[in-house]
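Worksheet: one structure, shown below.
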There are 2 protein chains.
Amino acid sequence: MAARLLLLALSCASAWQMGTAPMGVRRPAASAPAPATMGLRPANIAIVGGGTVGGGIVEILSRKAAFVRGQLNTDITISKVCVRDASKPRDFQLPEGCTITDEIESILSDDSVDTVVEVMGGTTLAKDVILRSLKAGKNVVTANKALIAQDLTLIQKTLDEVNAGREDKVQFRFEAAVCGGIPIIRTLQSDFLGDDVTQISGIINGCTNFILSNMAGGGLTYADALKEASALGYAEADPTLDVGGFDARSKLRILMKLAFGIDVDEDEIPCRGITEVTSTDFEYAKLLVGTVKLLGVAKLDKGGKKISAFVSPCFVPTQNTLSSISGATNAVQVSSTSLQQSVFVGQGAGRYPTANSCVSDILAICQGQTSVPFPKEASNLQFVNSFESAFYIRIRFRDRVGITFDLGQIFSDCGVSIYSMLQNPIKDRDDAMFVVTTDPVDVTNVKTACVKLEATDWCIGEIFYMPVL
Amino acid sequence: MAARLLLLALSCASAWQMGTAPMGVRRPAASAPAPATMGLRPANIAIVGGGTVGGGIVEILSRKAAFVRGQLNTDITISKVCVRDASKPRDFQLPEGCTITDEIESILSDDSVDTVVEVMGGTTLAKDVILRSLKAGKNVVTANKALIAQDLTLIQKTLDEVNAGREDKVQFRFEAAVCGGIPIIRTLQSDFLGDDVTQISGIINGCTNFILSNMAGGGLTYADALKEASALGYAEADPTLDVGGFDARSKLRILMKLAFGIDVDEDEIPCRGITEVTSTDFEYAKLLVGTVKLLGVAKLDKGGKKISAFVSPCFVPTQNTLSSISGATNAVQVSSTSLQQSVFVGQGAGRYPTANSCVSDILAICQGQTSVPFPKEASNLQFVNSFESAFYIRIRFRDRVGITFDLGQIFSDCGVSIYSMLQNPIKDRDDAMFVVTTDPVDVTNVKTACVKLEATDWCIGEIFYMPVL
């Protein structure tokens, strides 16, 4: 750190104003000769969104300007930042020469801007900005998970059309869109190209992992843990997208496209949130030497022709690295033929982690790096709305004679084989609980068994089940 | 997987023979127009080394040929594989048109070969191959950790000289050189460019992690665990490089150059292996809620001007993700200003993990990706042969009056503050053991205290101490 800070001290003051890109110089390709006068590759970017992430990007690029010039031979100018209200004070300093504007047209129609960084969020105006930028031949960097999950196909199609016949391909990068600070996008785009992914399992929502960690470690109830998550800013005012598993599902869709090349409609992915997880589940999880995590999982069947996926709370055994990921941290575990098992752990959100991923994208583009956004294409892979797994099943019951017999018969009828059965000492014979774990079986069999169990006179309420990782 | 396998079935048979690069076509830059007849970027590679990794590379590239052509628009020919004994049978099938040779000159002097993949190992002939390839303007992909750790400066200098004034920079990639299947090199080269790394802590030797995991989990002695590691092929015939920590030190040197931009002589990094770790340490580690791992650690001091590093067994608390990494798996934890804490976990060695990393490098080069091998440069960062940490200190002693007094006085004199003291029930008053953990302190103070303690009449043998992560 020391040396770089020193470099900054020597030359940072003048870095930005010197960075003005010559008009008409567009995206410099890797092999394009740098202007002889400076020996630097110029790049002119505009940021759409001046909030938490946008501010972080400006800060980091300002702090790193001397390094980027000196070591990466690249001179980045931030010429414009587009915001909703240009008069509102900002918590970051604008680089010299940078204009703040509330007119997006001034960016889209500016031929000197070669890269647009979209960090405004939302799926309407942001969509327009991204598609029009691509069509105008501008590279796009975005952190917009919701938009990519919603319009992945359209974005890909637009990009293909724009790049057809182009030599210097327009670049689309979105490292920050999934798991903020974890470079999982680039990793799937480049380090698994020679490999075949067989399963992805991820803790891909920080809010729910924070809640579950506090229920596991601090013994909090779900309601109290959610309250704490809200107080610390990990949960939105309406936490449905997080606790309902929908945010994780959007990310899972993007990861599935990257890892398997399959494009699945989000709504087709079975999704269960964490609202049904109780303190009791953590007691039993401890007995089973593990914990409970909300995971997004996608996996190939053994034949490699069908893929299933779900978002659900899962029982995670202690020996799996994912069980040790606590707080708002994210982690993605990738199983594959050559690399066997890899895990990538980091911050899933926050100003600087997210901004850092955008900056990595910006630097890659400005250095002339090219990338194929979704390199894998699996036209013959079939998505199946079901999956096989071992299961954890928690059953609330009135104690009476014949329960074990009923249970054995129903499970046997439904083809569900019991692996273990656990029951804490019964305190109230009219409202007790036990937990069954099963051998690997299709979720459909478990569902059928649960319906039949729920119809007995000793079962209370709905049965809770979750996959075992 | 299904779809890709199908693609292969359709077109793989003819992939290789069609892949012959037109003579004289050198490394195709990203923006170079592909030959109009095929629309594909041609690439002609030669592999030096036909053993475990070389064979894995050939296998993967053969299996992925259709994908690489169809999705990455690149046509890779493996024109030559150079081995020591060309008549020896190989455990992989040569692609059609590929020559096996034992004459390295036939590759170095072949202008049509644009990329040389060095997987022969060793630091003499391999060095010659790499340097001469670079000088001949050929890209180099290597898995050679020992060579890079030894000749990092020379390789960098050669590359700089070769590339001075060149528009299409000769590429040097070495993803497989550190932590085989973990893309840690690329991650440090590209995802931490806008960030400032403050600490790296890694389980970067699979053999020792396998041994320590078995001592922890299986209760094996060091000798038995080493025997098992040897039987399974995790340890070399002479395991000194592994168990002595020297292999980890070579990797740490490379990681330090990438993460901090500092080039440290390997021999300057304090290095302690695992031979002194005993079953007793795992008993005490359990009491302290953690385990023992061999780590390579490099960290900046608070002022960011000094850097220290060491390889040593360390006490790792259970809540740290590194504590859950068992067997021959590797993991690198990176602490940084923006991303806070990231962990990258995967296979550290083996045919396919290592070959996969080489293939990722080959694909990146063949797609015209450029990279700066060592992007950070920290000319003002000072390496200090000392470091601050909390410590675990295990002391063997004869029980008598005054030990606690001596201990307190010596530690106090040496500026070492005791955080906790643990002692299992004493079975033999003439040969007992206790463990002290300290507050953070400079290792020099701990060393001085140990020397003084060893001089008392109750201390038996040498004291064992290790940092607490």
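The values are calculated or read from the model by the stated rules, or taken from the named source; none is laboratory data. Treat the numbers as computed from the prediction; the structure is a model and nothing was measured. Because the Cβ atoms are built from the backbone with ideal geometry, glycine has one as well, and the counts that use them run over all protein chains shown.
What are the residues in segment A:326-339 that are within 12 Å of A:Ile204 (Cβ to Cβ) and either surrounded by 24 or more Cβ atoms within 10 Å (Cβ to Cβ) or not hydrophobic (A, V, I, L, M, F, W, C) (or both), if any?
Within segment A:326-339, the first condition is being within 12 Å of A:Ile204 (Cβ to Cβ), and the residues that meet it are A:328-333.
Listed by number, the residues that qualify are A:Thr329, A:Asn330, A:Ala331, A:Val332, A:Gln333.
Given the criterion part of a loop (DSSP other than H, G, I, E, B), among the aliphatic types (A, V, I, L, M) and within 7 Å of chain B (Cβ to nearest Cβ), identify the matching residue among A:Val372, A:Val359, A:Val345.
Values: A:Val359 fails: part of a loop (DSSP other than H, G, I, E, B); A:Val345 fails: part of a loop (DSSP other than H, G, I, E, B).
None of the others qualify; the one that does is A:Val372.
Taking A:Lys88 and the conditions (1) surrounded by 14 or more Cβ atoms within 10 Å (Cβ to Cβ); (2) modelled with pLDDT under 95, which numbered condition does it fall short on, given that it satisfies the others?
(1)
Pick from A:Val129, A:Val117: which is part of a strand (DSSP E or B) and either in contact (Cβ under 8 Å) with a residue 24 or more places away in the chain or crowded, with 16+ Cβ neighbours inside 10 Å (or both)?
Numbers: A:Val129 fails: part of a strand (DSSP E or B).
After applying the criteria, what remains is A:Val117.
How many residues, within segment A:342-370, are touching a strand residue (DSSP E or B) at 6+ places or on another chain (Cβ under 7 Å) and of a type in the set (Phe, Trp, Tyr)?
Adding up the residues that qualify gives 1.
Restricting to segment B:364-378, name every residue that is modelled with pLDDT under 90 and among the basic types (Lys, Arg).
none
Does B:Val401 fit the bill of being part of a loop (DSSP other than H, G, I, E, B) and more than 9 Å from chain A (Cβ to nearest Cβ)? Steps first, answer last, please.
Details: part of a loop (DSSP other than H, G, I, E, B): yes; more than 9 Å from chain A (Cβ to nearest Cβ): yes.
Yes; evaluated as a whole, the condition is true for this residue.
Determine if segment B:260-271 includes at least one residue that is assigned to a helix (DSSP H, G or I) and crowded, with 20+ Cβ neighbours inside 10 Å.
We begin by selecting, within segment B:260-271, every residue assigned to a helix (DSSP H, G or I); these are B:260, B:266-268.
Subsequent filtering for residues that are crowded, with 20+ Cβ neighbours inside 10 Å retains B:260.
Taking every residue of segment B:260-271 in turn, at least one turns out to be assigned to a helix (DSSP H, G or I) and crowded, with 20+ Cβ neighbours inside 10 Å.
Taking segment B:277-311, which residues are under 23 Å from the mean Cα position of the chain (by Cα) and either more than 14 Å from every other protein chain (Cβ to nearest Cβ) or aliphatic (A, V, I, L, M) (or both)?
Those that are under 23 Å from the mean Cα position of the chain (by Cα) and either more than 14 Å from every other protein chain (Cβ to nearest Cβ) or aliphatic (A, V, I, L, M) (or both): B:Val277, B:Val292, B:Leu294, B:Leu295, B:Gly296, B:Val297, B:Ala298, B:Leu300, B:Ile307, B:Ala309, B:Phe310, B:Val311.
Within segment B:57-67, take every residue that is touching a helix residue (DSSP H, G or I) at 6+ places or on another chain (Cβ under 7 Å) and β-branched (Val, Ile, Thr) and give me the one that is surrounded by the most Cβ atoms within 10 Å (Cβ to Cβ).
B:Ile57
Would you mind finding the one in A:Gly54, A:Gly50 that is assigned to a helix (DSSP H, G or I) and either more than 25 Å from the chain's Cα centre (by Cα) or surrounded by 23 or more Cβ atoms within 10 Å (Cβ to Cβ) (or both)? Don't jump to the end; show me each part of the working.
Details: A:Gly50 fails: assigned to a helix (DSSP H, G or I).
Checking each option against the conditions leaves just A:Gly54.
Is it true that some residue in segment B:220-235 is surrounded by fewer than 21 Cβ atoms within 10 Å (Cβ to Cβ), in contact (Cβ under 8 Å) with a residue 60 or more places away in the chain and either within 26 Å of A:Thr187 (Cβ to Cβ) or over 19 Å from the mean Cα position of the chain (by Cα) (or both)?
Just the residues of segment B:220-235 that are surrounded by fewer than 21 Cβ atoms within 10 Å (Cβ to Cβ), to begin with: B:220-224, B:227-228, B:230-233.
Remaining after also requiring in contact (Cβ under 8 Å) with a residue 60 or more places away in the chain: none.
No: segment B:220-235 contains no residue that is surrounded by fewer than 21 Cβ atoms within 10 Å (Cβ to Cβ), in contact (Cβ under 8 Å) with a residue 60 or more places away in the chain and either within 26 Å of A:Thr187 (Cβ to Cβ) or over 19 Å from the mean Cα position of the chain (by Cα) (or both).
It is to be established whether one or more residues within segment B:319-329 are farther than 18 Å from B:Ala177 by Cα and touching an Asp or Glu at 6+ places or on another chain (Cβ under 9 Å). Working first, answer last.
The initial filter retains those residues of segment B:319-329 that are farther than 18 Å from B:Ala177 by Cα, namely B:319-327.
Pick out the ones that are also touching an Asp or Glu at 6+ places or on another chain (Cβ under 9 Å) and you get none.
Scanning segment B:319-329, I find no residue that is farther than 18 Å from B:Ala177 by Cα and touching an Asp or Glu at 6+ places or on another chain (Cβ under 9 Å), so the answer is no.
So, B:Thr275, is that one closer than 30 Å to B:Ile78 by Cα, among the hydroxyl-bearing types (Ser, Thr, Tyr) and part of a loop (DSSP other than H, G, I, E, B) or not? Steps first, answer last, please.
Details: closer than 30 Å to B:Ile78 by Cα: no; among the hydroxyl-bearing types (Ser, Thr, Tyr): yes; part of a loop (DSSP other than H, G, I, E, B): yes.
Answer is no for this residue.
Rundown of residues vs (1) within 11 Å of chain A (Cβ to nearest Cβ); (2) in a helix (DSSP H, G or I); (3) at pLDDT below 95, yes/no style:
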position	(1), (2), (3)
B:Ala21	no, no, yes
B:Arg26	no, no, yes
B:Ala29	yes, no, yes
B:Ile45	no, no, no
B:Arg69	no, yes, yes
B:Thr77	no, no, no
B:Lys80	no, no, no
B:Glu96	no, no, yes
B:Ile100	no, no, no
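Sort out which residues of segment A:135-177 are within 25 Å of A:Asp247 (Cα to Cα), within 12 Å of chain B (Cβ to nearest Cβ) and out of contact with any strand residue (DSSP E or B) (no Cβ under 9 Å at 6 or more places or on another chain), and write them in order of number.
Within segment A:135-177, none qualify.
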